[in-house]
1. Scan segment 2-21 residue by residue and report those that are in contact (Cβ under 8 Å) with a residue 40 or more places away in the chain and crowded, with 18+ Cβ neighbours inside 10 Å.
2. Scan segment 22-39 and report the pairs whose first residue is part of a helix (DSSP H, G or I) and whose second residue is among the basic types (K, R) and open to solvent by 30 Å² or more (accessible area, probe 1.4 Å), with Cβ atoms within less than 9 Å and a gap of 6+ or a chain change.
3. Given the condition hydrophobic (A, V, I, L, M, F, W, C), open to solvent by 50 Å² or more (accessible area, probe 1.4 Å) and under 11 Å from the mean Cα position of the chain (by Cα), answer yes or no: does some residue in segment 30-49 qualify?
Amino acid sequence: LLRVFPSPSITNLKYWGRCEPITSKTLQLLNDLSIGYPFSVRKLVKLSAVQFMLNNHTSEHFSFLGINNQSNLTDMRCRTTFYTALGRLLMVDLG
């Protein structure tokens, strides 16, 4: 079941990064997955889709991470949620 969620989530973040409702709901799902049980989060980190996200967290791949003239509070919240989830995923092996 864990393999089902990350790929569509990354697709949403890559191609719908400027659509705030989709981006925020996708990031909330990613955030919820990163909070889960340590055993399931360890498996989640090993998936190729999640590894892509961990290795390529730039505005080139995810448009909501870019800073432009139209950046607003919503983009900042999305960035915060994104990096909070990534931080949790990275820290899972540290205990």
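The values are calculated or read from the model by the stated rules, or taken from the named source; none is laboratory data. These figures come from a predicted structure and were not determined experimentally. All Cβ positions, glycine included, derive from the backbone under ideal geometry; neighbour counts span all protein chains shown. Keep in mind that these areas ignore ligands, DNA and RNA; they rest on the heavy atoms of the full protein, side chains included. Shrake-Rupley method; radii C 1.70, N 1.55, O 1.52, S 1.80 Å.
1. P6, S9, I10, L13, G17
2. Taking only residues 6 or more apart or on different chains, the pairs are S24/R77; L27/R77; N31/R88; S34/R88; I35/R88.
3. no
For every residue, the table says whether it meets (1) touching a helix residue (DSSP H, G or I) at 6+ places or on another chain (Cβ under 8 Å); (2) of a type outside the set (K, R); (3) modelled with pLDDT under 90.
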site	(1), (2), (3)
I10	yes, yes, yes
G17	yes, yes, yes
K25	no, no, no
L44	yes, yes, yes
N69	no, yes, yes
